[in-house]
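Nothing in this text is a laboratory measurement; each read-out follows from the coordinates by a stated rule. Note that the structure is predicted; figures quoted are calculated from it, not measured. Virtual Cβ from ideal backbone geometry, glycine too; neighbours counted across all protein chains shown.
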Amino acid sequence: MFYSFFKTLVDSDVVVELKNELKIQGKLHSVDQFLNIKLKDITVENVEAYPHMVCISYSDNTF
């Protein structure tokens, strides 16, 4: 059920909020049956609180 829903969002802009309240915005590239996701063209919201994420969001822009 969830897998089918997320498959419809492929190539859409999404925001993923993690348990530590980190928000990552990007284009949903893929999702598998375990709900692992791959984002392209990412940006990290509130970079000041998560400075270690700056290098990830500017390296290859994939998370």
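Observations on the model:
- Using 0.36 nm per residue and subtracting the Cα-Cα separation, the extra length available between residue 17 and residue 45 on full extension is 9.1 nm.
- Relative to the 2.2 N^0.38 Å rule of thumb, the range 2-59 has a C-alpha radius of gyration ratio of 1.16.
- Residue 29/residue 52 FRET efficiency (R0 22 Å; Cβ-Cβ; nearest 0.05): 0.45
- The ranking of 53, 1 by Cβ neighbour count inside 10 Å, starting from the fewest, reads 1, 53.
- Of the chymotrypsin sites (Phe, Trp or Tyr not before Pro) found in the range 1-54, those in coil by DSSP whose Cβ has at most 12 other Cβ atoms within 10 Å are 34.
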